[in-house]
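Please read the structure below before turning to the comments.
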Amino acid sequence: MKILCIGQNYAKHNSEMKSETPAEPVFFMKPDTALLTEGKPFYYPDFSKEIHHEVELVLKISKNGKHIDPDLAKNYYEEIGVGIDFTARDLQSRCKEKGLPWEKAKAFDGSAPVGKFVSKKEFSDLTNLSFQLKLNNAIVQKGNTKDLLFSFDTIIAYLSTFITLRTGDLIFTGTPEGVGPVKIGDQLEAFIENKSLLRFDVK
Ligand code: MG
């Protein structure tokens with residue numbers, strides 16, 4: 001499986017990062033070794049001094065597809081979850097300055113914790129879906145899909161023009177504002193609506 005991630009997909013996050021609003025979706029990838037499941041702890045890597053949390057809704061692809069029509073994209077995922085796109089912000093800033101790829105800052109081991117996936121049918125309106133992240137029990141990020149710059153369907157169609165999507169692939173759909181650092185000893189808990197779907201410690 002592969003992990004595809006959309007960047008710069010919420011306007012207020014782009015403002016906090018001083019990024020421009022993209023004209024088309026921005027994406028990057030994480031390898032399967034980035035995946036962290038079942039509430040396993042995240043071990044703070046020694047190559048960074050500034051690991052940031054980015055809470056994101058995650059789509060699980062349910063059938064293979066290439067050149068997917070936007071109108072049919074909703075048929076390519078049945079389950080939705082929440083994950084953290086951990087980012088070594090110090091390394092990413094250096095990569096951005098030099099115009100280099102971001103993998104070192106985004107694709108490292110354990111950089112993609114994901115929680116339990118639930119049927120999308122559990123939610124009445126996927127275009128008005130709230131999610132949030134608590135850090136040590138205090139809310140640090142809140143998002144809602146009504147603020148997405150590129151919708152789930154647009155993302156799926158766009159990605160599939162370049163890369164074949166396969167059953168089991170994950171798509172991180174972008175983070176809202178409020179990203180910030182984590183440290184050893186922190187506990188993170190992420191929710192869709194009021195459902196707690198992901199909880200783990202930083203060690
Ligand atoms: Mg992100």
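Values quoted throughout were computed directly from the atomic coordinates according to the rules given, and no laboratory measurement underlies them. All values derive from a computational prediction rather than experimental measurement. Note that we place each Cβ from the backbone using ideal geometry, even for glycine, and neighbour counts take in every protein chain shown.
Tabulated data
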| quantity | calculated |
| --- | --- |
| Label-point separation, residue 166 to residue 18 (7 Å along Cα→Cβ), nm | 4.1 nm |
| Qualifying lysines (Cα of each under 16 Å from Cα of residue 134; at least 8 residues distant if same chain) | 142, 183, 195 |
| Ordering of 131-137, 69-75 by burial proxy (mean other Cβ atoms within 10 Å per residue, highest first) | 131-137, 69-75 |
| Ellipticity estimate at 222 nm from DSSP helix runs (n ≥ 4, -39,500 (n - 2.57)) divided over the chain, nearest 500 | -4000 deg cm²/dmol |
| Gyration tensor (alpha-carbon) shape descriptor, the range 99-164, a/c threshold 1.5 | oblate |
| Estimated FRET transfer efficiency (residue 75, residue 116; beta-carbon r; R0 22 Å; 0.05) | 0.45 |
| Whether the range 10-111 is rounded, prolate or oblate, judged on the alpha carbon gyration tensor where a/c under 1.5 counts as rounded | oblate |
| D (Stokes-Einstein, µm²/s), Kirkwood Cα radius, the chain, 0.692 mPa s at 37 °C | 195 µm²/s |
| Residue 201 versus residue 1: modelled label distance in nm, points set 7 Å from Cα along the beta carbon direction | 2.6 nm |
| Nearest-0.05 FRET efficiency for residue 137 and residue 64, computed from C-beta distance (R0 35 Å) | 0.30 |
| Within-15-Å neighbourhood charge of residue 94 [Cβ basis; K, R +1; D, E -1] | +2 |
| Farthest toward positive dipole pole in the range 3-201 [+1 Lys/Arg, -1 Asp/Glu at C-beta], among 80, 42, 5 | 42 |
| Eligible aspartates and glutamates near residue 120 by straight Cα distance, threshold 18 Å, same-chain separation 8 or greater | 56, 71, 78, 79, 153, 169, 193 |
| Alpha carbon centroid spacing (whole Å) that separates the range 1-72 from the range 118-177 | 9 Å |
| FRET efficiency, 1/(1 + (r/R0)^6) with R0 22 Å, evaluated for residue 187 and residue 90 via beta carbons | 0.45 |
| Solvent-free Debye scattering, log10 I(q)/I(0), computed from the Cα coordinates of the range 127-203 at q = 0.15 Å⁻¹ | -0.65 |
